[in-house]
Each structure stands twice: as structure tokens, then as C-alpha cells.
Amino acid sequence: MEIPDVAASKEAEASIDLLAIVLDTNPSQQIVRQNPQNLTQILEAVIAFGNAHLMQKAQNKLAVLSCSHYTTEFLFPLPGRHVELRQIDGQYEAFSLVEKTVKQQLGSILMNAPRLSAPCESLLAGSMSMALCYISRLQRNVPAGVKMHSRILVLTGSNECASQYMTYMNVFFTAQKLGIVVDTCALDKTLSLLQQGCDITNGQFLKVNQLDGLLQYLLWVFLPSPQMRHKLVLPPTPKVDYRASCFCHRELIDIGYVCSVCLSVFCKYSPICTTCHTIFKTPGPLPVKPKKKKKTDKQI
């Protein structure tokens, strides 16, 4: 008989670990507006982190998606397209392929991006949905007897967008049902919605205070697989704020009104749901129950 640890290690070696990285490349991010070179620094850290994931095991797979204010595009891999590469001495071909493909694809996206007249929100929820679809397609094509462990890592410096609340919730609960872990690396502000997603899917949330140490944080916190994290000393999990955001003012509320049709949340009562246009009856005053008269001795 095999020792359980040995059997588990052999099973882990035969399994496939898929990492889908959603990189926020929106120029409206504060860290990018302050210094455009920060985007280059973030990209270099992401490429090194992705190559470190591929280096752990030959069966590992990597996907990188670019999320901006107007579109979501795959940076790696590019189906049906091949990037011309020159052999570089001392560099593994797969690592060179990731680096060249990601940089060339992101460069073309930024060159063709429309100019911004005002800051715009990033389409993070849609990018995560695309990553889920990609993971689901690969899982259907996995050979019989082979397990695939998938996870999504979101790197963003954008502010939280309550208008994507329903899409976020759909993504989080779909990932939980599929057994996909969602991790988040916040580069600027603490994001309560993404904190909820990490907590729902048993992922890790980390706010990076110093951009110079981004690669070290990625390798320390997010490179180990979720199955190994309980054996490591990781940063403590922040307290999760589970308040919902209202659809009328995009603010977090403690008590509100919920549409019984589409589950939209409002801070004030409205006879018409602004999301699904359902008409509700105006609540009237509560009926007053008549007081029972006490029987007196004369009535008896």
C-alpha cells in the first residue's frame, strides 16, 4: 500500500493547474494617471509571475486577459495566431513566448484604444465572466482521469463600480459552483465587492501598499495553489463587508428594499423598479385591529 502523502503527491503531479490572470489596463486608474510607467512595471511583474506558474509543473496552463474601459481581450494565448520568435540563448522558449505575445498584444490594444475625455470604469465583471467561460471550455476538454484545478487572479487599481454589482454576484456564485477560486490583488484601494468574491470562493484578497514589491507579493501569496495555502503563513484575511449596494445611488446600505422579480436593491421605496420596470402596489396603512371590550359585571 502507498502512503497517503505519496499518493496525493502523485495525483497532484498528474493534475493540471490553470491560472487565468485578469489585468486591469484602464488608463483611468489613479496609479496609471500619476505615473504611466507604473503600468509597465505591473506588466513586467505579471509576466514574471505567469512564467513562475508555468515553471512549477509542465502540465500547468496560463491565460492572461486585458481589461479596460471599452473592451476585454486575450493577451495570452492567442488561438489561431502565432507570434514570430527569435531564439534567445539561456531563455526557455515557453517563457519567451509568453513575454513577447503579452507585450505585443497589449501594445496593439493601447494603440487602438479610444481617447478618454473623463475617467471611465473598468469592465472587470465582464472580464471575469470571459475568464470563467474560457476555464469552463478547457475543463470540458480535459482527458478522462485527469483533474484540472482552476483559479482566477484579478489585478486592478480601479475604484469599485456598483453598477456591475449583479454581474459580480453572478460571477462569484458561478465560480463557487464550478469550484474555481477567485483571488484579488488590489493595487490602490480596498474593494468590498471583490473581497466578497474572494470570501465566497475561498480565495485570497491582498492590498499592495508598495508597487515596487508587487512581484514579491505575487510570488508569496498567489503563486502557491489553494490546496497548499493552509500550510503557509499568509497575510490575515481582512474583515469582509457584506453590505449590498443600492441601484439608485450606487452606495452601500444596511437596510433597503429588494425587487421581488430581479432582486435589485434600493435605498428608498419606488413604485416602479428601474431595472426590470415591474410595477408594485403602493403599501397602504396597516389595518387597525378593533379593541376588544371587556365584559363588565352588569353585562354578565
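The values are calculated or read from the model by the stated rules, or taken from the named source; none is laboratory data. Quick caveat, the model's predicted, so the values are computed rather than measured. Cβ sites come from the backbone with ideal geometry, for glycine too, and all protein chains shown count toward neighbours. Side chains are part of the model used for accessible areas, which takes the heavy atoms of the whole protein and leaves out ligands, DNA and RNA. Shrake-Rupley method; radii C 1.70, N 1.55, O 1.52, S 1.80 Å.
Looking at this structure, is residue 268 outside the structural domain of residue 153 (by TED's automatic domain parsing), charged (D, E, K, R) and out of contact with any strand residue (DSSP E or B) (no Cβ under 9 Å at 6 or more places or on another chain)? Here the answer is no, as residue 268 does not meet what is asked. Only one entry of 153, 132, 43, 123 meets the criterion of being of a type outside the set (Ser, Thr, Tyr), in contact with a His (Cβ under 9 Å, 6 or more places away or on another chain) and at pLDDT 90 or above, and that entry is 123.
Taking the criterion of being open to solvent by 60 Å² or more (accessible area, probe 1.4 Å), at pLDDT below 90 and not aliphatic (A, V, I, L, M), the residues of segment 1-40 that qualify are 2, 4, 5, 10, 11, 13. Every condition in (1) farther than 22 Å from residue 15 by Cβ; (2) more than 19 Å from the chain's Cα centre (by Cα) is met by residue 127 except one, and the failing one is (2). For segment 53-73, taking the residues that are assigned to a helix (DSSP H, G or I) and surrounded by 15 or more Cβ atoms within 10 Å (Cβ to Cβ), the one that is nearest to the chain's Cα centre (by Cα) is identified as 53. For segment 109-132, give me each residue that is surrounded by 11 or more Cβ atoms within 10 Å (Cβ to Cβ) and part of a helix (DSSP H, G or I). Selection gives 109, 110, 124, 125, 126, 127, 128, 129, 130, 131, 132. Pairs linking a residue in segment 223-249 that is under 26 Å from residue 47 (Cα atoms) to a residue that is open to solvent by 90 Å² or more (accessible area, probe 1.4 Å) and part of a loop (DSSP other than H, G, I, E, B), with Cβ atoms under 8 Å and 6 or more positions apart or on different chains, are 226/202.
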